[in-house]
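The values are calculated or read from the model by the stated rules, or taken from the named source; none is laboratory data. Nothing here was measured: the structure is a model prediction, and the numbers come from that model. In this analysis, Cβ positions are derived from the backbone assuming ideal geometry, glycine residues included, and neighbour counts consider all displayed protein chains. Accessible surface is based on the protein model in full, side chains and every heavy atom, while ligands, DNA and RNA are left aside. Shrake-Rupley method; radii C 1.70, N 1.55, O 1.52, S 1.80 Å.
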Amino acid sequence: MNAELTPALAAGDLDAFWMPFTANRQFKANPRLLTRAKGMHYWTADGREVLDAVAGLWCVNAGHGRPEITDAVAKQLGTMDYAPAFQMGHPSAFELANRLAKLAPPGLDRVFFTNSGSESVDTALKIAVAYHRARGAGQRFRFIGREKGYHGVGFGGMSVGGMVNNRKYFASSMLPGVDHLPHTLDIEHNAFSRGLPQWGAHLANELERLVALHDASTIAAVIVEPIAGSAGVVLPPIGYLKRLREICDKHDILLIFDEVITGFGRVGKPFAGLAFDVTPDLMTTAKGLTNGTVPMGAVFAHRKIYDAFMQGPENAIELFHGYTYSAHPVSCAAALATLDVYAKEGLLTRAASLASEWEDAVHSLRGLPHVQDVRNYGLIGAADLEPRAGKPGTRGFDVFLKCFERGVMVRVTGDTIALSPPLIVESKQIERILETLGAVIRETA
Ligand SMILES: Cc1ncc(COP(=O)(O)O)c(C=O)c1O
């Protein structure tokens, strides 16, 4: 263990925490411990400043340590620490839902609260199935996801997801009746596209093939990320999402956009559905909802979906689903304060004004050794590095580590480096991120 990096921890202190999505033994042999954060920066246990080029994990959109959010959370804890949302309510849950409904794509003005992206996804899938049942179409149980999709780690999200390592260990436990569209990453046609790729809208027509295979009457919903983040940033070709929408409409299939990453300003509009002018029927969110401070997710449902449930006796519970911490008062306080910060500082649209500067900066990686592709949209960027023969992922991980050592935190997925800085990022920080990453790529054999 690197004692310098962990002054507060003795040998053995790292053993008990089974870390998520982490190479535990490798990490514990040489830990990277963060102990403080403010604005665009983290500080490590040994006092080094690290520029955050990934907004924590795509969630700290307004930057770290916002006093407005801290104060709201402290005040809420002092006023009412917890209140149940089952057959009870508290005002800030309703206020938050109203505020969110006003930001949402047209018609998506009913909001169900969860505690994470994974819970939002599983909630949306359950709502989709129950919605069809409520309309007398209970035979619609199938879901169509997409290769390279990431929809969290619940059994539902894992089943509709399309990342092989997240699936293969649990192959025996997948939801029945799930099929997948092909992914839209095609370097042969689209390498180094600036913004959305031109080629590939026709890939949405694969949905017609799956409909022909299974029959529309058995399909409940299609779920996709408008821009996939976790698999290494996969962009929708121009026209692709519109085509998916058309096919879903034609066959009465619900369209779910998973906006856990793209929501709350990442793409220059409050949601990607607004940026791409395609309105889904259900939208899953989390992360930026509370600026990453307190766990919370939200599923936005079109009013037609909510209304379909509002039938039968008025004393009957319409949806047998919810969490002890749905609409937790502390999360609601954090989210309301976060929305205030976003509004005051124009952060939900700031990515649009930085997009072209960001695009140029990210594409400065083109031509560097081993760089096979560069992608960008809004304040999202990615570079694919050529995998080392027989050792996939090691080049990407080395680049990630060296960047961290030089004071810039990027994200690595396989051999793809992903960037998604807080939306408060300034030009000089964009320069620093790309200069550091560029220098490290140049030096990494
Ligand atoms: C698109 C998408 N959906 C769902 C999730 C899962 O969210 P959580 O980790 O909060 O469960 C993520 C997390 O990165 C995500 O990117």
Restricting the count to DSSP beta bridges whose residues both fall in the chain, what percent are antiparallel, rounded to a multiple of 5? 65
Net dipole in debye of the chain [+1 Lys, Arg Cβ; -1 Asp, Glu Cβ; about Cα centre; nearest 20]: 200
FRET E, pair Ser172, Lys250, Förster distance 45 Å, beta-carbon r, rounded to 0.05: 0.85
Could you go through the stretch 310-326 in sequence order and give the Karplus-derived ³J(HN,Hα) for each residue, using 6.51 cos²θ - 1.76 cosθ + 1.60 with θ = phi - 60°, rounded to whole Hz, and x for Gly and Pro? 7, 9, x, x, 5, 8, 8, 5, 8, 9, 7, 6, x, 10, 3, 9, 4
Accessible area, 1.4 Å probe, largest first: how do Glu435, Glu119 sort? Glu435, Glu119
Full-extension gain in nm, Lys75 to Asp277, via 0.36 nm per residue minus C-alpha separation: 68.9 nm
Classified through the alpha carbon gyration tensor (a ≥ b ≥ c as square roots of its eigenvalues; rounded if a/c is under 1.5, else prolate when a/b is larger than b/c, else oblate), the chain comes out oblate
Heavy atoms of the protein only, probe of 1.4 Å, neighbouring chains included. What is the accessible area of His189 in Å², nearest 10? 100
Ordering Tyr240, Tyr42 from largest to smallest accessible area (1.4 angstrom probe), what's the sequence? Tyr42, Tyr240
What whole-number volume per residue, in cubic angstrom, does the convex hull of the C-alpha atoms of the stretch 1-145 give? 211
Can you list the aspartates and glutamates whose alpha carbon sits under 14 Å from that of Lys344, skipping same-chain ones fewer than 8 residues off? Glu68
Could you tell me the relative contact order of the stretch 168-295? Use alpha-carbon pairs under 8 Å, at least six residues apart, and round to a whole percent. 22
Name the lysines eligible as straight-distance cross-link partners of Lys304: C-alpha to C-alpha under 18 Å, and not fewer than 8 places from it in the same chain. Lys102, Lys126, Lys250
So how strong a dipole does the stretch 22-140 carry about its Cα centre when Lys and Arg Cβ are +1 and Asp and Glu Cβ are -1, to the nearest 20 debye? 400
For the chain, give the percent of accessible area contributed by carbon and sulfur heavy atoms, probe 1.4 Å, rounded to a whole number. 55
Could you work out the relative contact order of the chain? I mean the mean sequence separation of Cα pairs under 8 Å and 6+ apart, divided by the number of residues, in percent. 21
Using only the Cα atoms of the stretch 154-301, build the gyration tensor, take square roots of its eigenvalues as a ≥ b ≥ c, and label the shape rounded, prolate or oblate: rounded if a/c is under 1.5, else prolate if a/b is larger than b/c, else oblate. rounded
Summed side-chain charge close to Ile144 - residues other than Ile144 whose Cβ falls under 12 Å, Lys, Arg +1, Asp, Glu -1: 0
Calculate I(q)/I(0) for the stretch 59-119 by the Debye formula, one identical point scatterer on each C-alpha and no solvent, and give its log10 at q = 0.16, 0.17, 0.23 Å⁻¹ to two decimals. -0.75, -0.85, -1.28
Sequence-distant aspartates and glutamates (8 or more away, or on other chains) whose Cα lies within less than 12 Å of Lys428: Glu357
For the stretch 301-374, rounded, prolate or oblate, judged on the Cα gyration tensor with a ≥ b ≥ c (square roots of eigenvalues), a/c < 1.5 rounded, else prolate if a/b > b/c? prolate
Tell me which of Phe271, Asn315, Ile305 sits at the most positive position along the dipole axis of the stretch 240-333, charges placed on C-beta atoms (Lys, Arg +1; Asp, Glu -1). Phe271
Determine the dipole magnitude for the stretch 131-282: charges of +1 sit on the beta-carbon of Lys and Arg, -1 on that of Asp and Glu, nothing else is charged, the reference point is the Cα centre, and the result goes in debye to the nearest 20. 220
Using the Karplus curve 6.51 cos²θ - 1.76 cosθ + 1.60 with θ = phi - 60°, what ³J(HN,Hα) values do you get for each residue of the stretch 161-176, in whole Hz, with x for Gly and Pro? x, x, 10, 4, 5, 6, 10, 5, 6, 10, 4, 6, 10, 7, 4, x
